[in-house]
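The values are calculated or read from the model by the stated rules, or taken from the named source; none is laboratory data. The model shown is predicted, which means the values in this text are computed figures rather than measured ones. Cβ sites come from the backbone with ideal geometry, for glycine too, and all protein chains shown count toward neighbours.
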Amino acid sequence: MKRIIKLSILLTLLICNFAQAQITGNRPLNLNNPDDISYLDPKNYVIGGVTVSGAKYLDSEVLITISKLSVGQYIEVPSEQTSNVIKDLMSQNLFEDVQLYATKIEGETIFLEIRVVERPRLTRVDINGLSKSQTEEVRKRLNTNAGKIVNDNLLLTTKTTIEKFLREKSYLYPDITITTKPDSGQANNEIVIVDVERNKKIKVNSINFTGNEEFSDKQLTKFMKGVRPRAWFRVFGPGKFKDDKYEEAKTNLVAKMQDKGFRDAQIIKDTVRRHDNNEVAIDLDVYEGPKYYVGDITWSGNSKFKDSVLNILLGIKRGDIYSEEKLNSKLSGPTRNSDDIAAIYQNDGYLTFNVQPVIKRIHQDTIDLDIQMFEGKQYTINNVILKGNDVTNDRVVLRSIYTKPGQKYSRELLVRSVREISQLGMFDEQKVNPMPTNLNYEEGTTDIEFSVAEKPSDQVELSGGYGAGQVIGTLGLNFNNFSTSNFFKKESWKPLPRGDGQKLSIRGQTSGKRYQSYSFSFSEPWLGGKKPIYFGLSAYISNSQYQRYNWESNRYEDYEGIPKIKMHGVTATLGKRLQWPDNYFQINSSLSYQRYLLDNYGGIFLFSDGTAYNINFTQEISRNSIDAPIYPTSGSHIKFSVQLTPPYSLWNNINYETAPDAEKFKFTEYHKWKFDSQWYTKIAGKLVLKAQAQFGYLGRYNSETIVSPFERFKLGGDGMQGFDFLQGSEIIAMRGYANGALIPASTGSNQQNIAIRSGSPIYAKYQLELRHPIMLNDQATVFALAFAEAGNTWNKFDEVNPFKVRRTVGVGARIFLPIFGMLGIDYGHALDPIPGLTTDQWKQNFTFSIIQNMGGF
């Protein structure tokens, strides 16, 4: 028996030594290979060490951590635990293959090796079938940096991202194929190739409704704002299908149904299915529910107003169709005229006012309401705090706002203050943010904090153009936040003293010796600093002379008797903001002196040699309630002015039939009347309609005189005041027509050229313009527009027919850059030719404009 036991022990030791020699020698054991390890005879070991082989890019210690193997740990070999090592590592989606080996066994100690084969790395993603800009956008969204693992997740993410991007562009059914190829330049790297066939953009073929009884399909389709099906009357076809617009349309559909009294209305199910390669059909199953009406209305919590007064203010009575949208609008706004109940309270100091309608009872189709109010107490303004004005002085802003310390809090005045800050032109109107803060309930006080963001307001005009047969260059500097109080402070010159809200403008225009014009203007909106009294001062000097072109020397030259004209002028203006009829009104009074010195300069001013003077007084009243100066969306700007000269002909004893022209026109006399009205209204979203009407009339005091050759109106073109400034004319833009081309029909053919040059005494112009913003921020404001204009000019008042006009339509764009002002380009198509003029004389499709505020109010 002892010999048998000894023999068994010897055989066991020989087998163990043989197994260890096999592991440490030629071939380690694969712990997940049944040929190497029997799962029928598992054994327990202590882990003596763990190593990783085959990892080039990944950290070995991290992989060991993921494997959940650690030195000193007991492990059964083989077992579910050894299998999980492979599963855990493969689940990371980083490897092509993972194997677990036992490299050495010493008694009860086992040494393990994790062998991995890493997946290939990404070199780049090549996208075929998209435009350059689309490819760049997709790359930004993919964020596929070189070195990423090329795995199924990467390929799926790439495809999904491109599909989502194309779907946003209305390509709902693209064909996308993704392949990979080895990168010959880098080992274990691959290039991902994406071939995209966008196919056509998808439109809506039809919208089909089920479940509707009270609403017709036509009504419900109309409620689907932003999603329009194909129809014969839609000239440009239906719009492209977009997911975001579709979701908005569904929300709007339910809201409109509920607004009609069907408060339980909802969409039960919706399906977007492919109709053909170009279109989809939309199926909507709706639930209308019963139609509800307003029952009894009770009020609770009110002490300032009686129930009867609140019922009148609410404007909703028993028996009206129940509409939550209308109810909430009437209670807490915002309403167009700020006549909601919350506004009435908050405009009277009740800052913390709150109102909540509660459905008290629903019986059959009637809803009884209890409107619960929390009035709180009236708050007065303690302090007004200003933040963000790094350049502009506090007083410039604080003097413009309507919320003053000691006043009762008013939501209406807060909104008005935001408008006034925006009108200053020194701050980004999109970032003016007023906020009540530091509420003290015990004392009933609050602070108002205005956060503003300065924007560049100084402007530079540097341009060149061709006019009057010559190249004209222009340089203009416009400082919109000038400060005279800091003029003598050296540290304030950066490069000029700023911060007082004054305007200083300097402008020069020249074509060399033939033409020079220089102008200067300065304005102070608060003269003396205590009251809104406007003061403006402007002056100009200009001269021009004709030159004869010498073909031999190939240049312009002076000659004897050369026509020359010099003009000088200065204007002083005083204005005041009015409080009646309301505080949007402004009245301005101006006194102007101009001198015209003519030397052999005939054909335009009715005399060729001598001096003429234009001394006039202008009275202007205006009302400006537009909400923003650059891109108005609401409000109006109405202006009426009369400009008068002394009636010299009534006392100078000149015989206007026999006197020489130089004597008759030495002192210019006229009376000039102008009216301009602009209205801005939001149509939908950010789409704004501008409507404008303008009229002008230049009259005379004495029937024996002729209408002044100065101060006439020129209708047509881009409206820019250039070389025409020498002729004392007022330029009125009308796109599609050439500059000054709209001459009166009664003008004789031999006088047409003179009429174009000197202008007309009467004009009318009308305009409709649709605008939509592309970009609105402090760096730039960009918007597109479509316009229709009509206008005409007349020589005599009895010829005037404001409805007999010449028409034009077109499109354009505007970009406002703080440093350059408003830049514009338009394409206009004139519909009515000008009799007696050739097409080249009256037609001008493209017009360019540079519009700057040169210091006027």
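Looking at (1) closer than 20 Å to Val391 by Cβ; (2) charged (D, E, K, R); (3) assigned to a loop (DSSP other than H, G, I, E, B), which is the only condition Glu443 fails?
(1)
Among Ile825, Ile774, Ile743, which is part of a strand (DSSP E or B) and either surrounded by 14 or more Cβ atoms within 10 Å (Cβ to Cβ) or over 36 Å from the mean Cα position of the chain (by Cα) (or both)?
Working: Ile774 fails: either surrounded by 14 or more Cβ atoms within 10 Å (Cβ to Cβ) or over 36 Å from the mean Cα position of the chain (by Cα) (or both); Ile743 fails: part of a strand (DSSP E or B).
On inspection, the qualifying residue turns out to be Ile825.
Tally up the residues in segment 686-721 that are closer than 14 Å to Gly759 by Cβ and crowded, with 21+ Cβ neighbours inside 10 Å, please.
Adding up the residues that qualify gives 12.
Can you name the number of the only condition in (1) of a type in the set (Gly, Ala, Ser); (2) over 19 Å from Ile37 (Cα atoms); (3) surrounded by fewer than 14 Cβ atoms within 10 Å (Cβ to Cβ) that Gly107 fails?
(2)
Identify the residue in segment 244-299 that is charged (D, E, K, R) and touching a Lys or Arg at 6+ places or on another chain (Cβ under 6 Å) and, among all such residues, is farthest from Ile362 (Cα to Cα). Write out each step before concluding.
Residues of segment 244-299 that are charged (D, E, K, R), as a first pass: 244-245, 247-248, 250, 256, 259-260, 263-264, 269-270, 273-274, 276, 279, 283, 285, 288, 291, 296.
Cutting the leftovers down to touching a Lys or Arg at 6+ places or on another chain (Cβ under 6 Å) gives us 279, 285.
Numbers: Glu279: 44, Asp285: 26 Å.
So the residue we want is Glu279.
Considering only residues that are at pLDDT below 80 and under 16 Å from Gly719 (Cα atoms), which ones fall in segment 797-848?
Gly821
Can you name every residue in segment 399-412 that is buried (at least 18 other Cβ atoms within 10 Å of the Cβ) and out of contact with any Asp or Glu (no Cβ under 8 Å at 6 or more places or on another chain)?
Thr403, Tyr409, Arg411
Asn278: touching a residue at least 60 places away in the same chain (Cβ under 8 Å) and either under 33 Å from the mean Cα position of the chain (by Cα) or surrounded by 18 or more Cβ atoms within 10 Å (Cβ to Cβ) (or both), yes or no? Full working, then the answer.
Values: touching a residue at least 60 places away in the same chain (Cβ under 8 Å): yes; either under 33 Å from the mean Cα position of the chain (by Cα) or surrounded by 18 or more Cβ atoms within 10 Å (Cβ to Cβ) (or both): yes.
Judged against the criteria, Asn278 is a match.
Could we say that Glu711 is in a loop (DSSP other than H, G, I, E, B) and at pLDDT 90 or above here?
So Glu711 fails the test.
Taking the options Gln694, Gln751, Gln678, name whichever one is within 24 Å of Glu799 (Cα to Cα), modelled with pLDDT of 85 or more and among the polar types (S, T, N, Q). Steps first, answer last, please.
Values: Gln751 fails: modelled with pLDDT of 85 or more; Gln678 fails: within 24 Å of Glu799 (Cα to Cα).
Of the residues listed, the single one that is within 24 Å of Glu799 (Cα to Cα), modelled with pLDDT of 85 or more and among the polar types (S, T, N, Q) is Gln694.
For a quick check of your reading of the model, give me the residue pairs whose first member lies in segment 804-820 and is among the small types (Gly, Ala, Ser), whose second is surrounded by 17 or more Cβ atoms within 10 Å (Cβ to Cβ) and outside any strand (DSSP E or B), with beta-carbon atoms closer than 9 Å and at least 6 apart or on different chains.
Gly810/Arg735; Gly812/Arg735
Here are Leu597, Leu606: which of them is outside any loop (DSSP other than H, G, I, E, B) and modelled with pLDDT under 90?
On the way: Leu606 fails: outside any loop (DSSP other than H, G, I, E, B).
Just one listed residue meets the conditions, Leu597.
Just a yes or no: is a residue in segment 521-536 among the polar types (S, T, N, Q) and over 33 Å from the mean Cα position of the chain (by Cα)? Before the answer, list the steps.
The initial filter retains those residues of segment 521-536 that are among the polar types (S, T, N, Q), namely 521, 523.
Right, trim to over 33 Å from the mean Cα position of the chain (by Cα) and you get none.
No - not one qualifying residue is present in segment 521-536.
Within segment 663-673, does at least one residue satisfy the condition of being over 21 Å from Met822 (Cα atoms), of a type in the set (D, E, K, R), more than 33 Å from the chain's Cα centre (by Cα) and surrounded by fewer than 19 Cβ atoms within 10 Å (Cβ to Cβ)? Step through it out loud before you land on a result.
Here is the first cut: in segment 663-673, the ones over 21 Å from Met822 (Cα atoms) are 663-673.
Now narrow it down to the ones that are of a type in the set (D, E, K, R): 663-664, 666, 669, 672.
Then keep just the ones that are more than 33 Å from the chain's Cα centre (by Cα); that gives 663-664, 666, 669, 672.
Adding the requirement that they be surrounded by fewer than 19 Cβ atoms within 10 Å (Cβ to Cβ) leaves 663, 666.
Yes, segment 663-673 contains at least one residue that is over 21 Å from Met822 (Cα atoms), of a type in the set (D, E, K, R), more than 33 Å from the chain's Cα centre (by Cα) and surrounded by fewer than 19 Cβ atoms within 10 Å (Cβ to Cβ).
Considering only segment 346-369, how many residues are out of contact with any Asp or Glu (no Cβ under 9 Å at 6 or more places or on another chain) and either of a type in the set (Asp, Glu) or over 30 Å from Leu327 (Cβ atoms) (or both)?
Total meeting the criteria: 2.
Under the condition of being part of a loop (DSSP other than H, G, I, E, B) and of a type outside the set (D, E, K, R), which residue from segment 59-74 is surrounded by the most Cβ atoms within 10 Å (Cβ to Cβ)?
Filtering segment 59-74 down to residues part of a loop (DSSP other than H, G, I, E, B) leaves 59, 68-73.
Add one more test, that the residue is of a type outside the set (D, E, K, R), and what stays is 69-73.
Values: Leu69: 20, Ser70: 11, Val71: 13, Gly72: 8, Gln73: 12.
Out of the qualifying residues, it is Leu69.
Identify the single condition in (1) in the same structural domain as Lys148 (by TED's automatic domain parsing); (2) at pLDDT 90 or above; (3) surrounded by 14 or more Cβ atoms within 10 Å (Cβ to Cβ); (4) not small (Gly, Ala, Ser) that Glu190 does not satisfy, given that it satisfies every other one.
The number of the failed condition is (2).
In segment 401-417, which residue that is part of a helix (DSSP H, G or I) and among the charged types (D, E, K, R) is farthest from Pro525 (Cα to Cα)?
The initial filter retains those residues of segment 401-417 that are part of a helix (DSSP H, G or I), namely 411-417.
Within this subset, residues satisfying the condition of being among the charged types (D, E, K, R) are 411-412, 416.
Working: Arg411: 26, Glu412: 24, Arg416: 18 Å.
Among them, the one singled out is Arg411.
Report yes if Lys56 is in contact with a Leu (Cβ under 6 Å, 6 or more places away or on another chain) and either among the hydrophobic types (A, V, I, L, M, F, W, C) or closer than 29 Å to Ile191 by Cβ (or both), otherwise no. Before you say what the answer is, go through the steps one by one.
On the way: in contact with a Leu (Cβ under 6 Å, 6 or more places away or on another chain): no; either among the hydrophobic types (A, V, I, L, M, F, W, C) or closer than 29 Å to Ile191 by Cβ (or both): yes.
No: the conditions fail for Lys56.
Of all residues in segment 777-805 being assigned to a strand (DSSP E or B) and not hydrophobic (A, V, I, L, M, F, W, C), which is farthest from Ser708 (Cα to Cα)? Spell out how you get there, then give the answer.
Here is the first cut: in segment 777-805, the ones assigned to a strand (DSSP E or B) are 781-794.
Then keep just the ones that are not hydrophobic (A, V, I, L, M, F, W, C); that gives 781, 789, 791-793.
Details: Thr781: 41, Glu789: 28, Gly791: 22, Asn792: 19, Thr793: 16 Å.
Only one residue tops the list, namely Thr781.
With a cut-off of at least 2 residues that are assigned by TED's automatic domain parsing to the domain that holds Arg416 and at pLDDT below 95, name the helices (runs of 4 or more DSSP H) lying wholly within segment 290-400. I'd like the intermediate steps shown before the answer.
Numbers: elements: 307-314, 324-332, 341-346, 394-398.
Because the criterion is at least 2 residues that are assigned by TED's automatic domain parsing to the domain that holds Arg416 and at pLDDT below 95, the helices (runs of 4 or more DSSP H) in segment 290-400 that meet it are 394-398.
Can you name the number of the only condition in (1) at pLDDT 90 or above; (2) surrounded by 15 or more Cβ atoms within 10 Å (Cβ to Cβ); (3) more than 26 Å from the chain's Cα centre (by Cα); (4) outside any strand (DSSP E or B) that Leu166 fails?
(3)
Which is at pLDDT 85 or above, touching a Pro at 6+ places or on another chain (Cβ under 9 Å) and not assigned by TED's automatic domain parsing to the domain that holds Val150, of Glu96, Glu106, Glu113?
Details: Glu96 fails: at pLDDT 85 or above; Glu106 fails: touching a Pro at 6+ places or on another chain (Cβ under 9 Å).
Just a single option satisfies the conditions, and that option is Glu113.
Return the pair list, or none, for Cβ contacts closer than 7 Å from residues in segment 729-752 that are more than 23 Å from Thr847 (Cβ to Cβ) to residues that are at pLDDT 85 or above and of a type in the set (D, E, K, R), at least 6 apart or on different chains.
Ser746/Glu799
Please work out if Val227 is buried (at least 19 other Cβ atoms within 10 Å of the Cβ), part of a loop (DSSP other than H, G, I, E, B) and either of a type in the set (Gly, Ala, Ser) or not assigned by TED's automatic domain parsing to the domain that holds Lys330 (or both).
Numbers: buried (at least 19 other Cβ atoms within 10 Å of the Cβ): yes; part of a loop (DSSP other than H, G, I, E, B): yes; either of a type in the set (Gly, Ala, Ser) or not assigned by TED's automatic domain parsing to the domain that holds Lys330 (or both): yes.
Criteria met by Val227.
Any residue at all in segment 623-638 that's more than 30 Å from Glu429 (Cα to Cα) and either buried (at least 17 other Cβ atoms within 10 Å of the Cβ) or modelled with pLDDT of 90 or more (or both)? Step through it out loud before you land on a result.
First pass over segment 623-638, keeping only residues more than 30 Å from Glu429 (Cα to Cα): none.
No.
Within segment 657-666, is there a residue that is of a type outside the set (A, V, I, L, M) and part of a strand (DSSP E or B)? Steps first, please.
So the first thing to find is which residues in segment 657-666 are of a type outside the set (A, V, I, L, M), and the list is 657-658, 660-661, 663-666.
Still in the list and also part of a strand (DSSP E or B): none.
The answer is no; no qualifying residue exists.
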